[in-house]
Amino acid sequence: MRLIVLGCSGSGPGPASPSSGYLVEAGDARLVLDLGNGTLGALQRHLDPWELDGVVFSHLHPDHCADFASLVVHRRFHPRPPFDPTTRPLPVHAPVEAPDRFAAAFAASAAERAETDLTDVFTFHPLSDGATGTVAGVTLRARAVDHPCDAYAVRVEHGGRSLVYSGDTGPCDGLVELARGADVLLCEATWPHVTESWSEPPRGVHLSGRQAGEHAEAAGVGRLLVTHVPAWFDGDQLLAEAKAAFGGPVELVAPDAGYTI
């Protein structure tokens, strides 16, 4: 498998990166994990969106899903589609409210929203704690994580390799259990462990760099990739925290960078 970072800026796009979005290449399959602000444009540097086999959303905050509305336009109104998208709807694995959430994001008015049904070009598959699914021969496994909305970590498995994506989460056992023995953990680290505002991070929202490393260590993963650093925090500081807590290799991801799983 191969991971390509479309965007890795936490909580919104930053000056050097779109928000969260990751392209996974697994055998002949191509799927995207999250599609935050600016990531559809970045995707087109690496893959024609018509070649996607599926989209997976960890949760429905805008910095992880805002560009889905642009993907709707791309599939509905492209003047020269390579195939009729109504005959090959794109699978979307996402929290159960995704169809309504995405219809609201796409529709320009309440009247249009009442008539908007995106199942002409997409098929929606709701995520739940412990859910499994497949996309073009790739196995997906989900576990609920600790975030202010319905949110999931996702494990992607293909050809004996495994990638776990934390999505957004505070410290939780579900992430450790899902990531157990994974080759790579792509894990959010949104803030320092200690700041002028706290001596311990607030629970139930995000991980610090140290906590990302602790989760990777507890899960026994092969490698930790740190992501979701907001523009107002120092990625190198969070990387150093993660390295201090995890004995394996650790990297801070960068937009448009590729990583072999």
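Each value in this text was obtained by applying a stated rule to the coordinates, not by laboratory testing. Computed from a predicted model, the values in this text were never measured in an experiment. Positions of Cβ are generated from backbone atoms using ideal geometry, with glycine treated the same way; all protein chains shown enter the neighbour counts.
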Next on the checklist: Treating region 159-261 as a set of equal point scatterers at the Cα positions, no solvent, please give the Debye-formula log₁₀ I(q)/I(0) at q = 0.16, 0.24 Å⁻¹.
Outcome noted: -0.60, -1.33
Item to check | Karplus-derived 3J(HN,Hα), 6.51/-1.76/1.60, for each residue of region 75-85, Hz, glycine and proline x | outcome: 7, 8, 10, 4, x, 9, x, x, 7, 7, x
Checklist entry - For region 1-90, what size does the Cα cloud have along each of its three principal axes, sorted from largest down, in whole Å? => result 36, 29, 23
Next on the checklist: Between 0 and 90 degrees, rounded to the nearest ten: what's the tilt of helix 235-245 against the longest Cα principal axis of the chain?
Outcome noted: 60
Checklist outcome for this item: If amide H atoms are modeled at 1.01 Å from N in the peptide plane, then the residues at a separation of 5 or more from V221, or on another chain, having amide H under 5 Å from its own are G181
Checklist entry - At A110 and S128, where each label point lies 7 Å from the Cα along Cα→Cβ, what is the point-to-point distance in nanometres? => result 3.3
Item to check | Per-residue HN-Hα couplings for region 186-203 [Karplus 6.51, -1.76, 1.60; θ = phi - 60°; Hz; x = Gly/Pro] | outcome: 8, 10, 5, 9, 8, 8, x, 5, 10, 9, 5, 9, 7, 9, 9, x, x, 8
Checklist outcome for this item: Sorted largest first, the Cα spans of the chain on the principal axes come out in Å as 51, 41, 33
Checklist entry - Name the GluC sites (Glu not before Pro) in region 96-154 that are in a loop by DSSP and that have at most 15 other C-beta atoms within 10 Å, would you? => result E97
Checklist entry - How high is the FRET efficiency from C149 to H78, r the C-beta distance, R0 35 Å, rounded to 0.05? => result 0.65
Checklist outcome for this item: Full extension between A16 and Q237 adds, at 0.36 nm per residue less the Cα distance, a length in nm of 77.8 nm
Checklist entry - Dividing the alpha-carbon Rg of region 11-157 by 2.2 N^0.38 Å yields what? => result 1.00
Item to check | Placed amide H near V145: partners under 5 Å, 5+ positions off or other chain | outcome: A151, Y152, A153
Checklist entry - Between G160, G222, G235, which gets the highest mean-square fluctuation from a Gaussian network model of the chain, Cα cutoff 10 Å? => result G160
Item to check | Dipole of the chain, positive end: most advanced residue of Q237, S128, L90 [Cβ charges, Cα centre] | outcome: L90
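Summing +1 for each Lys or Arg and -1 for each Asp or Glu, what net charge is found among the other residues whose Cβ lies under 13 Å from the Cβ of P192?
Overall, the nearby charge balance is -4.
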Checklist entry - What are the ³J(HN,Hα) values, in whole Hz, obtained from phi via the Karplus relation 6.51 cos²θ - 1.76 cosθ + 1.60 with θ = phi - 60°, for each residue of region 110-121 in sequence order, with x given for Gly and Pro? => result 4, 5, 5, 4, 4, 10, 8, 9, 8, 6, 5, 10
Checklist entry - Quick one: putting +1 on the C-beta of Lys and Arg, -1 on the C-beta of Asp and Glu, what dipole do you get for the chain around its Cα centre, in Debye to the nearest 20? => result 480
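Per residue, how big is the convex hull of region 72-208 when only Cα atoms are used? Give it in Å³.
Convex hull volume per residue, Cα atoms: 157 Å³.
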